[in-house]
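One structure below.
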Amino acid sequence: MGRIIITGGTILTMNDQGDVHFGGHVVLSGDRIESVGAGAYQGPASDDDRVIRAEGMVVMPGIVDLHYHTAIGKGFSDHLPLWEYLDTCWYPLIRNLDAEAAYWAAAGSYLESIKAGVTTVNDMYRRLPDLGRAAVDIGIRAVLSNDVALDEHDLDTLQDNKDAYDAVHGAGNGRVEVYVGIEWLPLASPELLRDARLLADELDTGIHIHLNESLTEVEDSMKRFGMRPTEVAYDAGLLGRNCIAAHCVWLSDREIALMRETGTQISHNPSSNAKLGNGIARLPEMLNAGINVGLGHDAAECNNSRDPFEVMKFASLMHRASRVDASLQQAPDVVRMATRNGAAALGHETGELTTGKKADVILVDTHNTMFLPLAPEDPAHLYSHLVFSANGSAVHTSIIDGEVVMEDRRLLTLDEDEILKNANEAFLRTRARVVGQG
């Protein structure tokens, strides 16, 4: 099989030096980046090589959605705060999933993400073998974890998570991984957190958990355990380099210090936090503490969009507004959060266009008014448009693990119409079960 030679585009490397090559090239060989450089590709080519002309395109690393839930429906219970929303919308739907519903919900979710430039999802949901099938079939890179809670909450157990690991970890030539997932502390206990850490260490895998998402969660933790959620997780040994803590809106100074001490990764999900009325995370303090922070959309059912460009814009504007400080979250830093930081959090060799890294690459088309005007060879102007002006509809091509998954906005792996039809039918079938139980 030949190489993929991308030439003539603006290469946004996101490497250590922050190199941007105008009219540069990227060469992909198998699932790896063979070379990156300035100027059009001048090296040898064989008849098997495929050349992608990228004039007018931004060639950049694929985006990592660091906190993600497959979602079967959206647009319901928009008026409710988090806890009520979970009880009236989220939990009833995911408790009534069947295997096909989970597959098509995942396929629909991953379709929207791929078309918006996401190449990796860190997806906490249920029925992981079915999600794994969808990830393999559609071609996305997926880290999957179960919705583990105490038995009385009728979600998933640690045994479910272990079974899922045994069933799908490593599928898709390693594109699919399985982490241990904890829903959130109101449905858990210190003992469950300790057991989750033991299982993750036994499997040599990571952990994905919601922490300090809402004030009600903090209040519940103080009432039940006499400690804040992150303090409980720390005492249970859950935190660490391979732990992704989602949201972290209501972290105290001590909890930020615990995150830093343990090297825990944080997913910042500003648009979901805003929609649910959960508040604004202390992102500047997290970053100043040296914590690695990536970006996530959360779920389409509590965000209504999986577009990572929207998340990037929120990740800058919310903090500037709340702190009355336009110097915060500059565009290049936000793009780095969406690419390199997310990849680092998952321990992946993605997130930058550097020789030897994984071949997860997207091409963003600048031939539209989102990028008008565009000063030639001006990196600052380009970064500004990516964060403050663009949306996912500008993504032209997505390459994941060296395979072209979408080209000219057309998915090449599954039939889009079939996904839309079956995902919608899955929602109607699942909703009918929920209504029938009401």
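For region 355-378, the set of residues classified as under 30 Å from GLY2 (Cα atoms) and surrounded by fewer than 18 Cβ atoms within 10 Å (Cβ to Cβ) consists of THR355, GLY356, HIS367, listed by residue number.
Within the set GLY18, GLY30, the sole residue that is open to solvent by 10 Å² or more (accessible area, probe 1.4 Å) and farther than 14 Å from ALA359 by Cα turns out to be GLY18.
Of the numbered criteria (1) touching an Asp or Glu at 6+ places or on another chain (Cβ under 6 Å); (2) outside any loop (DSSP other than H, G, I, E, B), the one ARG306 fails is (2). Residues in region 152-198 that are over 30 Å from ILE400 (Cβ atoms), among the aliphatic types (A, V, I, L, M) and either open to solvent by less than 10 Å² (accessible area, probe 1.4 Å) or out of contact with any strand residue (DSSP E or B) (no Cβ under 8 Å at 6 or more places or on another chain) (or both): LEU185, LEU187, ALA188, LEU193, LEU198. Within region 336-385, the set of residues being free of Cβ contacts under 8 Å to residues at least 40 places away in the same chain and of a type in the set (Gly, Ala, Ser) comprises just one member, ALA375. Here is a check on your reading of the model: is GLU407 over 25 Å from the mean Cα position of the chain (by Cα) and under 30 Å from GLY356 (Cβ atoms)? No; evaluated as a whole, the condition is false for this residue. From the list GLY2, GLY8, the one residue that fits, being surrounded by fewer than 20 Cβ atoms within 10 Å (Cβ to Cβ) and touching a Lys or Arg at 6+ places or on another chain (Cβ under 9 Å), is GLY2.
Select, from VAL121, VAL176, the only residue that is over 27 Å from PRO270 (Cβ atoms) and of a type in the set (A, V, I, L, M, F, W, C). The conditions single out VAL176.
Which residue out of ALA390, ALA394, ALA380 is aliphatic (A, V, I, L, M), farther than 18 Å from TYR110 by Cβ and touching an Asp or Glu at 6+ places or on another chain (Cβ under 9 Å)? Being aliphatic (A, V, I, L, M), farther than 18 Å from TYR110 by Cβ and touching an Asp or Glu at 6+ places or on another chain (Cβ under 9 Å) holds for just one of ALA390, ALA394, ALA380, which is ALA394. Within region 22-35, the residues that satisfy the criterion of being closer than 18 Å to ASP360 by Cβ and not in a loop (DSSP other than H, G, I, E, B) are GLY24, HIS25, VAL26, VAL27, LEU28, SER29, ARG32, ILE33, GLU34, SER35. The set of residues in region 309-333 being assigned to a helix (DSSP H, G or I), of a type in the set (A, V, I, L, M, F, W, C) and open to solvent by 50 Å² or more (accessible area, probe 1.4 Å) consists of PHE314, LEU317, ALA321.
Check whether at least one residue in region 200-207 is more than 24 Å from the chain's Cα centre (by Cα) and without any contact (Cβ under 8 Å) to a residue 60 or more places away in the chain, and report yes or no. Yes - at least one qualifying residue is present in region 200-207. Going through region 158-186 one residue at a time, which ones are more than 21 Å from the chain's Cα centre (by Cα) and closer than 20 Å to ALA71 by Cα? ASP160, the sole residue that qualifies.
Within region 36-70, track down each residue that is open to solvent by 10 Å² or more (accessible area, probe 1.4 Å), not in a strand (DSSP E or B) and not acidic (Asp, Glu). Within region 36-70, ALA38, GLY39, ALA40, TYR41, GLN42, GLY43, PRO44, ALA45, SER46, GLY56 qualify. The sole residue among ASP163, ASP156 that is free of Cβ contacts under 8 Å to residues at least 12 places away in the same chain, out of contact with any helix residue (DSSP H, G or I) (no Cβ under 8 Å at 6 or more places or on another chain), farther than 28 Å from HIS396 by Cα and of a type in the set (Asp, Glu) is ASP163.
Condition test on ALA390, is it touching a residue at least 60 places away in the same chain (Cβ under 8 Å) and either buried (at least 18 other Cβ atoms within 10 Å of the Cβ) or closer than 17 Å to MET312 by Cβ (or both)? Yes: the conditions hold for ALA390.
Here the condition is being under 27 Å from GLY237 (Cα atoms), modelled with pLDDT under 95 and of a type outside the set (Phe, Trp, Tyr); of ASP154, ASP163, ASP123, it holds for ASP154 alone.
The values are calculated or read from the model by the stated rules, or taken from the named source; none is laboratory data. In this text the structure is predicted, and so the values were computed from the model without any measurement. As a convention, Cβ positions derive from the backbone with ideal geometry for all residues, glycine included, and neighbour counts pool all protein chains shown. Areas reflect the complete protein model, heavy atoms only, side chains present, ligands, DNA and RNA absent. Shrake-Rupley method; radii C 1.70, N 1.55, O 1.52, S 1.80 Å.
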